[in-house]
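Undergrad: One structure coming up, written as structure tokens, with questions to follow.
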Amino acid sequence: MNFELTKEQEMTRKMVQDFARDVIQPRAIDIDRNAEFPEDIFKEMGKLGLLGIPFPEEYGGSGGDTVTYALAVEEIGRVCGSTGLSYAAAVSLGASPIYYFGTEEQKQEFLTPLAKGEGLASFGLTEPNAGSDAGGTQTRAVLQGDHYVINGEKSWITNAEYARSITVTAVSGKREDGRNIISAFIVPKDTPGMKITSPYEKMGVRGSNTSEIILEDVKVPKENILGDPQKGFKQFLHTLDGGRISIAALAVGIAQASLDRALEYAKERKQFGQPISNFQAIQFKLADMAMEVELARNMVLKSAWLKDQGKNFTKESAYAKLFASETAFRSSNQAIQIHGGYGYMREYEVERFLRDAKLLEIGEGTSEIQRMVIARQLGC
Amino acid sequence: MNIFVLLKRTFDTEEKIAINNGRIEDDGAEYIINPYDEYAVEEAINIRDEHGGEVTVVTIGDEDAEKQLRTALAMGADQAVLINTEDDLEEGDQFTTVKILEAFFDDREADIILAGNVAIDEASGQVGPRLAERLNMSCVTTITSITIDGDTANIERDVEGDVEKVETSLPLLVTCQQGLNEPRYPSLPGIMKAKKKPLEELEIDDLDLEEDDVEPKTKTIEIFLPPEKQAGKVLEGEMDDQVKELVSLLKTEAKVL
């Protein structure tokens, strides 16, 4: 057993850490306050190859692994949850399904520009009436000649306004037992009939673009169906397995940032004539935070490693996502507590960590859904 | 064009530094490429991209320095050389470094050698100029701009905030100052490519040097941290009075006037 990162993994972590500190960190407060999607930062991340880490070079990627990708998400999440979330969604939800399930032509046309960082993609799964129960999808796709015609509505789709293509799930027929067949379709942006707006006023991850998509008689060529037409449901479950690792990595980043800030502040802040880090009440909080951050990181890296080894990682990625997101919430909450009144002020950033962390207990499968996934893996 | 970069692995002075028994504690220290050497790597890559040739990055140190060399390769250097002194040398100073580098360059044709202005750890700024002297090359320190045309180099250098323009000829050794360029981040494809780039490891024996040849000429007696910064003083009252008080404090307390 070897817990050491490879040189490439270390170098990537260091590079992303430097980039995040120099380029993203100074903008993080404004990105949150103004709810502005940092499109220029994504261009730079694209040039550095960050958007193509887990994809092979033949599709414009960097040929890295999931561990490297998770390290990159963590380092970005450590300075800015919004940028971290949009990054994780672009790679794990936007690009990955095309890599896993796309035909050679689809990969060339739709994946390569994403991996090269020339654009972003989104994954349109959630609907107003189909959240955790994705089987309740109401969007329909009907084959008419050479085209599918798609009608429906998608909610809370990350990056959609900035996406060059959106993978949309839709009911495409019925099985013999009467249950819906769900398929996935790649819809290029600017396809007539697809309307994307961002009407949401969010609690956290405010700089990450979140959109509503309305599809009205949207025609896509029938070659744009992604993967096996009968297995759209299974495919997105697999996509979400991978997505959980990146959300967990983002949570570790926020939890680490909470610990960093809390520790720094506790050593500086003096009350009763000494730094508050001398008080056991504060020490115990910091000790718990440090322990949980490390445990969460270990679980993230283990599930990423399992994925890289081609082993099953469904249960482990659910462990990671559940534990890391709840760790991020607890750590950021304690970071505010340690900061006292200052922590409640935006300037000190820890309140943003809490608002950003809350999303991670909800997005890409709520904590409750993670527990269901785990229980199912246990054979319940 | 044969372009060489002298690179030093050093601890990150922005991180906490602890001293124990007159030595800087290795544990917990973060190691980086000396920031001034990063300017040198960046400039070397730019010169190669414009004029062709190869960039070779050289460092003296132990095995751990491979990480910094790989980073330089990931930025775009073509090959790297680690002169590993771990088994042979206990101590070293600027003389040691220059002596080793002189031997290294003995059978190599260098058109231009780039180094950092100083290393942020000991900040002697000696290795570049002393090596140039030994190699009988032109040497320009603290450069902020360089253009090469044939055998001629036009250089701007920082002279305590002013700019001095220098024209000189190759072969040439320069030391790089902040403002010369903005070092790139190593890209992901760069990091992956660096894996396959040549990294040669030499020992002083390979350079026909004995331990005695490179024995340091100086001895470090003590290393200590600067005194901790004291709390500042906030002056109050009318502006005129504050100015008077400040001047008087600068004279009597700070004794800088």
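Undergrad: Going highest first, how would you order A:98-106, B:155-163 by mean Cβ packing within 10 Å?
TA: Highest-to-lowest ranking by the protection proxy: A:98-106, B:155-163.
Undergrad: Same structure, new question: What is the ratio of the Cα radius of gyration of region B:121-257 to 2.2 N^0.38 Å, where N is its residue count, to two decimals?
TA: Cα Rg divided by the expected 2.2 N^0.38 Å: 1.70.
Undergrad: Here's another thing I want to ask about it. So which GluC sites (Glu not before Pro) in region A:165-229 pass both tests, a DSSP loop state and at most 16 other Cβ atoms within 10 Å of the Cβ?
TA: A:Glu176, A:Glu201
Undergrad: Report, to two decimal places, the Cα Rg of region B:28-120 normalised by 2.2 N^0.38 Å (N = number of residues).
TA: Taking the Cα Rg and dividing by 2.2 N^0.38 Å, one obtains 1.10.
Undergrad: Could you check which residue among A:Gly273, A:Gly343, A:Gly193 shows the biggest mean-square fluctuation in a GNM of chain A with a 10 Å Cα cutoff?
TA: Sorting by GNM fluctuation, first place goes to A:Gly273.
Undergrad: I've got another one for you. How much accessible area is lost when chains B and A come together, counting both sides, with a 1.4 Å probe, in Å² rounded to the nearest 100?
TA: By this definition, chains B and A bury close to 1500 Å².
Undergrad: Would you kindly find the accessible area of A:Glu4, with a 1.4 Å probe and non-protein molecules such as ligands, DNA and RNA excluded, rounding to the nearest 10 Å²?
TA: A:Glu4 exposes around 150 Å² with every protein chain in place.
Undergrad: With a/c under 1.5 counting as rounded, go ahead and sort region A:20-140 into rounded, prolate or oblate using the C-alpha gyration tensor (a ≥ b ≥ c being the square roots of the eigenvalues; past the cut-off, prolate if a/b is larger than b/c, else oblate).
TA: Oblate.
Undergrad: Give the separation of the Cα centroids, region A:183-244 to region A:271-342, in Å.
TA: 32
Undergrad: Rounded to the nearest whole Å³, what is the per residue volume of the convex hull around the Cα atoms of region A:123-230?
TA: That works out to 101 Å³ per residue.
Undergrad: While we're here: Restrict the search to region A:149-183; then list the trypsin sites (Lys or Arg not before Pro) that DSSP places in a loop and that have at most 12 other Cβ atoms within 10 Å of their Cβ.
TA: Loop-located and lightly packed - A:Arg175, A:Arg179.
Undergrad: Tell me whether region B:111-170 comes out rounded, prolate or oblate; compute the Cα gyration tensor, take square roots of the eigenvalues as a ≥ b ≥ c, and use a/c under 1.5 as the rounded threshold.
TA: Because a/c hits 1.5 or more and a/b fails to exceed b/c, region B:111-170 counts as oblate.
Undergrad: Let me ask another. Along each of its three principal axes, how wide is the spread of alpha-carbon positions in region A:233-378, in whole angstrom units, largest first?
TA: Sorted from largest, the Cα extents of region A:233-378 read 59, 25, 23 Å.
Undergrad: For a test of the definition: using alpha carbon positions, the gyration tensor, and the 1.5 limit on a/c, classify the protein assembly as shown as rounded, prolate or oblate.
TA: prolate
Undergrad: Continuing with the same structure: With a 10 Å radius around each residue's Cβ, average the other Cβ atoms per peptide and rank B:96-102, A:54-60, highest first.
TA: Taking the mean over residues of other Cβ atoms within 10 Å, the ranking is B:96-102, A:54-60.
Undergrad: Now for a different question. Tell me, what % of the accessible area of region A:59-166 is carbon and sulfur with a 1.4 angstrom probe?
TA: The C+S portion of the solvent-accessible surface of region A:59-166 is 44 percent.
Undergrad: At a cut-off of 50 Å², which residues of region A:47-70 become less accessible once all protein chains are present than in their chain alone, using a 1.4 Å probe?
TA: SASA drop of 50 Å² or more in region A:47-70: A:Leu48, A:Ser62.
Undergrad: Now a separate question. Among B:Val81, A:Val23, what's the order by accessible area (1.4 angstrom probe), most exposed first?
TA: Reading off the accessible areas and sorting them downward yields A:Val23, B:Val81.
Undergrad: Would you mind computing Rg(Cα) / (2.2 N^0.38 Å) for chain B, counting N as its residues?
TA: After normalising by residue count via 2.2 N^0.38 Å, the value is 1.18.
Undergrad: Roll a 1.4 Å probe over the protein chains and send me the accessible area per residue for region A:233-378 in Å².
TA: I get 46 Å² per residue for region A:233-378.
Undergrad: Further question on the same structure: What are the radius of gyration and Dmax of chain A, computed over its Cα atoms and given in Å?
TA: Rg, Dmax (Cα atoms, Å): 20.9, 80.
Undergrad: Give the accessible surface of chain B per residue, rounded to a whole number of Å², with probe radius 1.4 Å and ligands, DNA and RNA excluded.
TA: 58
Undergrad: When the accessible area of each residue in region B:166-195 is compared between its chain alone and the complete protein assembly (1.4 Å probe; ligands, DNA and RNA ignored), which residues differ by at least 50 Å², being lower in the assembly?
TA: The answer is B:Tyr185, B:Leu188, B:Ile191, B:Met192 - residues whose exposure falls by at least 50 Å² when every protein chain is included.
The values are calculated or read from the model by the stated rules, or taken from the named source; none is laboratory data. Owing to the predicted nature of the structure, the values given are computational and were not obtained by experimental measurement. Please note: Cβ atoms are built from the backbone with ideal geometry, for glycine as well, and neighbour counts cover all protein chains shown. Side chains included, ligands, DNA and RNA excluded: accessible areas come from the protein's heavy atoms. Shrake-Rupley method; radii C 1.70, N 1.55, O 1.52, S 1.80 Å.
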